[in-house]
1. Of the numbered conditions (1) closer than 25 Å to Asn360 by Cα; (2) at pLDDT 75 or above; (3) surrounded by fewer than 13 Cβ atoms within 10 Å (Cβ to Cβ), Thr322 satisfies every one except a single condition; which is it?
2. Of all residues being surrounded by 14 or more Cβ atoms within 10 Å (Cβ to Cβ) and polar (S, T, N, Q) in the stretch 253-267, which is farthest from Asp186 (Cα to Cα)? Just the residue, please.
3. Look at the stretch 235-262 and say how many of its residues are under 30 Å from Ala103 (Cα atoms), of a type in the set (Asp, Glu) and not in a helix (DSSP H, G or I).
4. So, Lys232, is that one basic (Lys, Arg), at pLDDT 85 or above, out of contact with any strand residue (DSSP E or B) (no Cβ under 7 Å at 6 or more places or on another chain) and farther than 24 Å from Asp102 by Cα or not?
5. Lys391 passes all but one of (1) over 26 Å from the mean Cα position of the chain (by Cα); (2) at pLDDT 90 or above; which number fails?
6. For the stretch 355-369, which residues satisfy the criterion of being modelled with pLDDT of 90 or more and exposed (fewer than 15 other Cβ atoms within 10 Å of the Cβ)?
7. Of these, Gly116, Gly98, Gly89, which one is assigned to a loop (DSSP other than H, G, I, E, B), at pLDDT 80 or above and either of a type outside the set (A, V, I, L, M) or within 18 Å of the chain's Cα centre (by Cα) (or both)?
8. Just one of Arg20, Arg57, Arg83, Arg104 is surrounded by fewer than 16 Cβ atoms within 10 Å (Cβ to Cβ), of a type in the set (Lys, Arg) and at pLDDT 70 or above; which is it?
Amino acid sequence: MDDIATFTVPALNLSTLTKRLDKLSRKANKYGTAPIGYSIGDRVVKETTVYIDNKPRKIDAEFVNVDVWGDAPKYGNHTFLARVELLDGENIVNNIAGVTLDARFRMMVSECDHCGHKRNRNDVYVFADENGKQIAVGRTCLRDFTGCDNPLEIVNRATFLSDIKTACDEESFSFSSGGFGYVISDVLEYAAANIRAHGWLSKAMAMNSYDDNTMTTADRVIMDLNPTAKRKPIEVTETDIDLANKTKEYFQKLDMQSDNDYINNLRVICKMGNIQFNKVAILVSAINVIIRNKQDAIKKQSAPVSEYVGNVKERMKGIELTFNREISLGAGLYGEQYLYSFTDNNNNQLNWFTTKREFNIGETYPMDFTIKGHKEYRGIKQTIITRASVK
């Protein structure tokens, strides 16, 4: 069996992580016959940013590769892509494969493309054939559509990939069931107050911290939402309330994004009156999105304007590019995918979507590449490159 995906995690957290992965693997194998699991690979040392007392510090840290192996969640000519939670209005999409889904799944009500029947459903499951055509299948049709004896095998094996990514890449959010209800405004106000008082701290930042007492922003908000006689919630100021209201209004009025399930899910959640416990973490992150947008706007005003580079299909050689950041896009149809962002000597932004590569932030590399396309994102002109190589 081939590796399905590879994740890189801090070696410091390996002991705790393997316990989680063992549990996920047992769950994934419970209903299936073909085994699926993981193996620990080589250890590497690289520079990273850790947070001690919520303050960033660059250190050399040890990381380890975790390889997920088994058969990909594929059934005949169809690959499982996503589970869609059907709501009254716009839906929430749990994208397992990290591919762009058809926009219709956002507003789908109860259709099953397999049987053609419309009935009350809690969710549908999205598959793609070998040509990329996407269809939605109701839970009751999963067995007939896939030929799988137990439909739970489909869900559990695909969910394993999503859960293991959540365990390894803590910037992801899961949408499991259950939990208590919280008022949207309360969550956003506590999030704004905690970010003002303690700064933003994601799960990934907390995982990299050497301070066991470091708490994520979501953890702090959850504590504030569940006060006790000895533990009072953080004081919320008028500034916090104003930021919370502006955040909710921003996402409620935002148009649907064609290629960003995370932002679309925030749009849906911010239109709700109440949310369950398991959606608190993603809602808390909405405040940080607004803060980052303000910071980006300030940088944009003072920074040189990015322009498009070259012409589509043009091969460019020996261009000096400075590496800015790496973003994991999750497991796609061809393995783990990443976005690598660069700027050239004229501050033009270039993006490369590819598999795992090794670059150092701030370092400049002479590169050959082909212009794949031009795209504007958040008002910034970006050049998409492909077939890139470092000289």
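The values are calculated or read from the model by the stated rules, or taken from the named source; none is laboratory data. It should be emphasised that the depicted structure is a prediction, and the values quoted were computed from it without experimental measurement. Here the Cβ is made from the backbone with ideal geometry for all residues, glycine too, and neighbour counts use every protein chain on show.
1. (3)
2. Once the filter is applied, the top-ranked residue is Gln257.
3. 2
4. Against the criterion (basic (Lys, Arg), at pLDDT 85 or above, out of contact with any strand residue (DSSP E or B) (no Cβ under 7 Å at 6 or more places or on another chain) and farther than 24 Å from Asp102 by Cα), Lys232 qualifies.
5. (2)
6. Thr364, Pro366 - these are the residues of the stretch 355-369 that are modelled with pLDDT of 90 or more and exposed (fewer than 15 other Cβ atoms within 10 Å of the Cβ).
7. Numbers: Gly98 fails: at pLDDT 80 or above; Gly89 fails: at pLDDT 80 or above.
Among Gly116, Gly98, Gly89, only Gly116 is assigned to a loop (DSSP other than H, G, I, E, B), at pLDDT 80 or above and either of a type outside the set (A, V, I, L, M) or within 18 Å of the chain's Cα centre (by Cα) (or both).
8. Arg104
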